[in-house]
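Peer 1: Take this structure, written in structure tokens, and hold onto it; I'll ask about it next.
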Amino acid sequence: MNAQTILIVNDDTKIIAALKENLQILTGHYVVKTAANGEAALKILQKDKIDIMVLDLQLPVMNGIQLLAELNNKRIWLPSIVLSDEKIDKTNKEFQDFGIIEFYKKPFLMGKIVFDIDDILQNREKADLIKNFSLPAIMQLINMEKRTGIITVKIGKKDGKIFFRNGKLMDINIKGQSAEEALMECIHSLYDDREITIEYIEHRKKKKIDMSLIEMVMEASRINDEKRVPQTKDISGIQGGEVSQNDRLSTITALLNSLKELDSYIITNREGEILKASSKDVNDVALNSSIYLWVIGNKMSDALKLGKPGNIIYYRSAKKRFISKFKDYILIFDLTEITKFSVFKKKLYELLEKLILE
């Protein structure tokens, strides 16, 4: 792995020398570049890969705030440690879109800032390189585990960064694009094969995108299905249909995983064959349940023939079980003890209607 690079932007040669010396003593394995003002730093950032920036706000020509604003305008996010002669209001909205990780008021302990730089870069070096998993699957997992961090992925011909906090989508950065433009490009390429890196790192990004990670996956699945339609030339639709069904099943699974009202779920085909379940235990219970087979075999048949949703409620082990039909799937839910059925049913159908899975 190539050595990580630190950019120190400061017009105080003594601070630069002290930082470089301490970095060399304490770590010894980083490349250090320097710039005396914002303009010089911008030139370096445009041609070199920088892993972290140590930035003084009080600079000649182009000050630190102007440099951060310029990077933000170009949709470039870079982890930064900020130095200032004055006390900084960390809650200032002006700082929320910038990549500021830490603030330091001068004078500061040189050893402390160097340890912080080393800690941040070590965490960046440990970023997970994801292989054999699609971006939609990763986004579903992030949503379920309520993680905070950044996904870095090739979107089109550019590197894109997807920011999430507590499992919620906050922002998407692609150089030269607005948040809305980046969102659309990301959605249209969500199912493309490419290298994906995840950093579980704190960031100050506020919510700029009015869409959740799961809604992104659902919309991308719909678009992906539409792309596949012309490829399905065989009337039986065997080859193209199988891929499409897998995508649809993944999208429905992602939706169900996001619903707090469910204790467990099972997804079957028309014949009652289990396609997905929230756990192996749920599989075993369903397969050994004669009442489950009776419900599928007798009560759902008319709804399936007519293409209508079926609504069947019965109780299993003191839990309320709800069975419904959607497209070619039968959905079986065990509701939590506090779930209000009528409210949940309305919410479920509203969400399923968004899945235009023809």
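Peer 1: Looking only at segment 1-55, which residues are polar (S, T, N, Q) and more than 15 Å from LEU68 (Cα to Cα)?
Peer 2: Residues satisfying the conditions are ASN2, GLN4, THR5, THR13, ASN22, GLN24, THR27, THR34.
Peer 1: Now for a different question. Check whether at least one residue in segment 72-86 is among the β-branched types (Val, Ile, Thr), in a helix (DSSP H, G or I), out of contact with any Ser or Thr (no Cβ under 9 Å at 6 or more places or on another chain) and free of Cβ contacts under 8 Å to residues at least 60 places away in the same chain, and report yes or no.
Peer 2: No, segment 72-86 has no match at all.
Peer 1: Shifting gears a bit: Go through SER221, SER244, SER212 for me and flag whichever is modelled with pLDDT of 75 or more, on the phi < 0 side of the Ramachandran plot and buried (at least 18 other Cβ atoms within 10 Å of the Cβ).
Peer 2: After ruling out the rest, the residue left standing is SER221.
Peer 1: Could you say whether any residue in segment 10-22 is of a type in the set (A, V, I, L, M), assigned to a helix (DSSP H, G or I), more than 27 Å from the chain's Cα centre (by Cα) and within 23 Å of ILE201 (Cα to Cα)?
Peer 2: Checking segment 10-22: not a single residue is of a type in the set (A, V, I, L, M), assigned to a helix (DSSP H, G or I), more than 27 Å from the chain's Cα centre (by Cα) and within 23 Å of ILE201 (Cα to Cα).
Peer 1: Can you confirm whether segment 36-47 contains a residue that is crowded, with 17+ Cβ neighbours inside 10 Å, assigned to a strand (DSSP E or B) and at pLDDT 90 or above?
Peer 2: Looking for residues that are crowded, with 17+ Cβ neighbours inside 10 Å, assigned to a strand (DSSP E or B) and at pLDDT 90 or above, one finds none in segment 36-47, hence no.
The values are calculated or read from the model by the stated rules, or taken from the named source; none is laboratory data. Computed from a predicted structure; not experimentally measured. Quick reminder, even Gly has a Cβ in these numbers, built from the backbone with ideal geometry, and neighbours come from all protein chains shown.
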